[in-house]
Amino acid sequence: MADMDSKVMSAQQAVARFVHDGDHLVLGNYTVGICTALVFEVLRQGRKGFTLYSQSGNLDMEVLVGAGCVARVISTYVMRAGGKAGGSATERALAAGTLEIEDYTNFDYNARLVAGMHGFSFMQVLEGVIATDLLRKRSFLGEDKYRIVTCPYTGKRLLTVPAANPDVCIVHVQRADQHGNAQYWGALGSVAAAALASKRIIVSCEEIVEHEIIRTSPHLTIIPAYRVNAVVEAPWGAHPTEVLGYYNIDPFMFRLFMQHDATGEGLRAWMDEWVYGCASRTAYIDRYVGKFGSGALNALKAKPLYSAPANYGSAHTSSWNADGRHRNLGVTIDELEQMLRQRGRLHE
């Protein structure tokens, strides 16, 4: 791992290199810890024509749709900023005919990404959907939204969804190393599958840490370095949503967004101030502190609550010493191979 090149870059560099007009873009986070720093940079660079995958239909999807960046949406939920009367950016775009949408259950949405992650072409899903409008109401996917096939083993009719392999995933995690090993803990949802099903992955994180820290808790690495294209260090990169272990949701800022999102004019005014009016995430946080004070920001910081440590110790780390000699036999690997050949136990 030590000889791998660093993938650390700014949000501006990452989006410019890896997010293109017309991409199938998946928002990797599900409701919590959404990748607002990366989403706002996509907006500032004016990318257009996305087919957008979003499980949570949260602030991230709303601003992308509201800015006219999205042509098609695959989702499970649409935020209703205007309450029962509607009023979200997604609903306004659907009513205006400028946006198409395919609606899935949470299970079926995840199944598409899981299939893509594993290299399958489709995935079986729960058959109860057959009795609903989810099966009957189809948009741009047409016959490929769901298909019913016959099981080759039982003859039973199976409901299936196609695999999803988006062009690029943008996702926010707690920490990563410079090589791209990304660690995440808390409510996982579709985060890992969204990233690993995608062709390109941009990871933003609260902090970049040394690789040795990553090695102490390998089970937290949900995206391995070899799959990641860019790593962006973005403290407060999910604000106003929460990141477990770092900060809580900002209810005041979230309500402020919801109030503005209830109308097209309001949303544009909010984005003019908090997206286009801030050249970077640092500028966004500086504006927040300037308007509401550092105390308001610091009050969101999470209090430490550590889990019990796990013992990863073993009797030895390797059968080979640092000088390349076997601990018990006292020979190098070359010497061992020569000995085995002489005894006829190893063939060329």
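The values are calculated or read from the model by the stated rules, or taken from the named source; none is laboratory data. All values derive from a computational prediction rather than experimental measurement. Positions of Cβ are backbone-derived with ideal geometry, glycine not excepted, and every protein chain shown enters the neighbour counts. Remember, those area values only see protein heavy atoms, side chains included, never the ligands or the DNA or RNA. Shrake-Rupley method; radii C 1.70, N 1.55, O 1.52, S 1.80 Å.
Which ones in the range 106-125 are touching a strand residue (DSSP E or B) at 6+ places or on another chain (Cβ under 8 Å) and either at pLDDT below 95 or among the polar types (S, T, N, Q) (or both)?
Within the range 106-125, 121, 124 meet the criteria.
What tally of residues in the range 130-145 results from selecting those that are closer than 17 Å to residue 100 by Cβ and without any contact (Cβ under 8 Å) to a residue 24 or more places away in the chain? Spell out the reasoning first.
Just the residues of the range 130-145 that are closer than 17 Å to residue 100 by Cβ, to begin with: 133-134, 136-145.
With the extra rule that they be without any contact (Cβ under 8 Å) to a residue 24 or more places away in the chain, the set shrinks to 133, 136, 142-144.
Qualifying residue count for the region: 5.
Out of (1) open to solvent by 70 Å² or more (accessible area, probe 1.4 Å); (2) touching a His at 6+ places or on another chain (Cβ under 8 Å), what's the single condition that is false for residue 250?
(1)
Of the residues that sit in the range 270-288 and are open to solvent by 50 Å² or more (accessible area, probe 1.4 Å) and in contact with a helix residue (DSSP H, G or I) (Cβ under 9 Å, 6 or more places away or on another chain), which one is nearest to residue 256 (Cα to Cα)?
Initially, the range 270-288 is screened for residues open to solvent by 50 Å² or more (accessible area, probe 1.4 Å), giving 272-273, 276, 279, 282, 286-287.
Keeping just the survivors that are in contact with a helix residue (DSSP H, G or I) (Cβ under 9 Å, 6 or more places away or on another chain) gives 273, 276, 279, 287.
Values: 273: 12, 276: 17, 279: 21, 287: 15 Å.
Ranking the qualifying residues of the range 270-288, first place goes to 273.
Of the residues that sit in the range 191-231 and are open to solvent by 50 Å² or more (accessible area, probe 1.4 Å) and in contact with a Pro (Cβ under 8 Å, 6 or more places away or on another chain), which one is farthest from residue 16 (Cα to Cα)?
Here the residue is 207.
Please determine whether any residue of the range 232-243 is closer than 17 Å to residue 172 by Cβ, acidic (Asp, Glu), open to solvent by less than 50 Å² (accessible area, probe 1.4 Å) and not in a helix (DSSP H, G or I).
Going residue by residue through the range 232-243, those that are closer than 17 Å to residue 172 by Cβ are 232-243.
This time we only want the ones that are acidic (Asp, Glu), so: 233, 242.
In the following step, the residues that additionally are open to solvent by less than 50 Å² (accessible area, probe 1.4 Å) were identified as none.
There is no residue in the range 232-243 that is closer than 17 Å to residue 172 by Cβ, acidic (Asp, Glu), open to solvent by less than 50 Å² (accessible area, probe 1.4 Å) and not in a helix (DSSP H, G or I).
Would you please list the contacts, defined by Cβ atoms under 9 Å and residues six or more apart or on different chains, that run from a residue in the range 299-324 that is among the basic types (Lys, Arg) to a residue that is modelled with pLDDT of 75 or more?
Close Cβ pairs satisfying both conditions: 301/246; 301/247; 301/248.
Under the condition of being without any contact (Cβ under 8 Å) to a residue 12 or more places away in the chain and small (Gly, Ala, Ser), which residue from the range 253-269 is least open to solvent (accessible area, probe 1.4 Å)?
Top of the filtered list is 266.
Name the residues in the range 57-90 that are modelled with pLDDT under 90, under 20 Å from the mean Cα position of the chain (by Cα) and within 12 Å of residue 267 (Cβ to Cβ), would you?
Matches in the range 57-90: 79 only.
Out of the range 292-314, which residues are surrounded by fewer than 10 Cβ atoms within 10 Å (Cβ to Cβ) and assigned to a helix (DSSP H, G or I)?
Within the range 292-314, 295 is the sole residue that qualifies.
Just wondering, is there one or more residues in the range 160-181 that are at pLDDT below 95 and open to solvent by 50 Å² or more (accessible area, probe 1.4 Å)? Steps first, answer last, please.
Applying the first criterion (at pLDDT below 95) to the range 160-181 yields none.
Looking through the range 160-181, none of the residues is at pLDDT below 95 and open to solvent by 50 Å² or more (accessible area, probe 1.4 Å).
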